[in-house]
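Colleague: Sending over a structure as structure tokens; questions will come in a sec.
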Amino acid sequence: MITRKSKREIEKMQAAGDLLVQAHKEIAKMIKPGITTMEIDTFIEGFLADHGATPEQKGFNGYPYAICASINDEICHGFPREEKLKDGDIVTIDMVVNLNGGLADSAWTYAVGDVDEKGKRLLEVSKVSLDKAVEQAQVGNRIGDIGHAVQEYAEGEGFSVVRDFTGHGIGPTIHEEPHIPHFGLPNKGLRLKQGMVITIEPMINEGTWNSQMDANNWTARTVDGGRSAQYEHTIVITKDGPLLTTDQDK
């Protein structure tokens, strides 16, 4: 079932989004060669607790951590670990914040130290892919318009778009209908309506889009070892255009 959120629900989700943005800005200060993603996970759990919030994905279907931390060829759902980040790595930190029942979900890919030019281009194209998708999150548009915007741009820049993981509705639980693919045809799929809240979270790869699952049954990585990047926002569909509850630029 697809729910359309009330003004009160959206206000709670915005408060959660504001806190999630604060968390990502703290992470941005921490990212450097030598830090571990387990240290970041520990920090985020404490940071959220200090602000009266909880990491919503911890315990979701048995997931054991406050964040997902996906390094280099890991596409998504990477486990935090004690391995130190190295100069030239890229790492995607994804988290869902629950603040008084309001949810916000956002991933961001960080460059660790000095990343090569191809890696910098991957991050740039991934971020622009999200921006182009958000432009399509308008009342009356269809889900296919979102995916088409990502696919047309990213593939045109020589990268591939992951098919196996999608955006989704959110609130009051993490994953709700509808699914939001990051590929597809324009003017196809469900029509977007005012009050819907969705995530858009394209995962863009250097090589093929195909993924494989690690033995932990959570972490997905590229089949060819190419790097993967992801940026994600939680978005309210409003009559005045898309409202980003996780906007880091406001």
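The values are calculated or read from the model by the stated rules, or taken from the named source; none is laboratory data. On a predicted model such as this, the values are computed, not experimentally measured, just so you know. FYI the Cβ positions are ideal-geometry reconstructions off the backbone, even for glycines, and counts take in every protein chain you see. Heavy atoms of the whole protein, side chains included, go into the accessibility calculation; ligands, DNA and RNA do not. Shrake-Rupley method; radii C 1.70, N 1.55, O 1.52, S 1.80 Å.
Colleague: Using a 1.4 Å probe over the heavy atoms of the protein chains, calculate the carbon and sulfur portion of the accessible area of the chain as a whole percent.
Modeller: 50 percent
Colleague: May I pose another question? Keeping all protein chains in place, calculate the accessible area per residue for the stretch 1-124 (probe 1.4 angstrom), answer in Å².
Modeller: So the stretch 1-124 comes to 44 Å² accessible per residue, rounded to a whole number.
Colleague: Lys and Arg at +1, Asp and Glu at -1: add these up for the other residues within a Cβ distance under 15 Å of GLY102 and post the number.
Modeller: -2
Colleague: Tell me which of ILE10, HIS51, CYS76 sits at the most positive position along the dipole axis of the stretch 1-84, charges placed on C-beta atoms (Lys, Arg +1; Asp, Glu -1).
Modeller: After comparing all options, I get ILE10.
Colleague: Would you mind pulling out the separation of the Cα centroids of the stretch 131-180 and the stretch 4-79, in Å?
Modeller: The stretch 131-180 and the stretch 4-79 have Cα centres separated by 21 Å.
Colleague: To one decimal place, what orientation-averaged projected area in nm² is obtained for the convex hull of the Cα set of the stretch 18-117?
Modeller: One quarter of the hull surface, i.e. the mean projection, equals 6.2 nm².
Colleague: Give me log10 I(q)/I(0) at q = 0.34 Å⁻¹ for the stretch 206-246, Debye formula, one equal scatterer per alpha-carbon, no solvent.
Modeller: For the requested q values the scattering log ratios are -1.13.
Colleague: Hey, another quick one. Which whole-number percent of Cα pairs in the chain have a distance greater than 32 Å?
Modeller: Considering the chain, 14 percent of its Cα-Cα pairs are separated by more than 32 Å.
Colleague: Just the number: Rg to Rh for the stretch 135-243, Cα atoms, Kirkwood Rh, two decimals.
Modeller: 0.99
Colleague: Then there's this: Please compare each pair in LYS29/LYS84; LYS25/LYS127; LYS5/LYS239; LYS86/LYS250 to a cut-off of 19 Å on the Cα-Cα distance and tell me which ones are over it.
Modeller: LYS86/LYS250
Colleague: Choose one answer from GLU83, GLU232, GLU176: the residue with the largest mean-square fluctuation in a GNM of the chain with alpha-carbon springs under 10 Å.
Modeller: Highest fluctuation among the options: GLU83.
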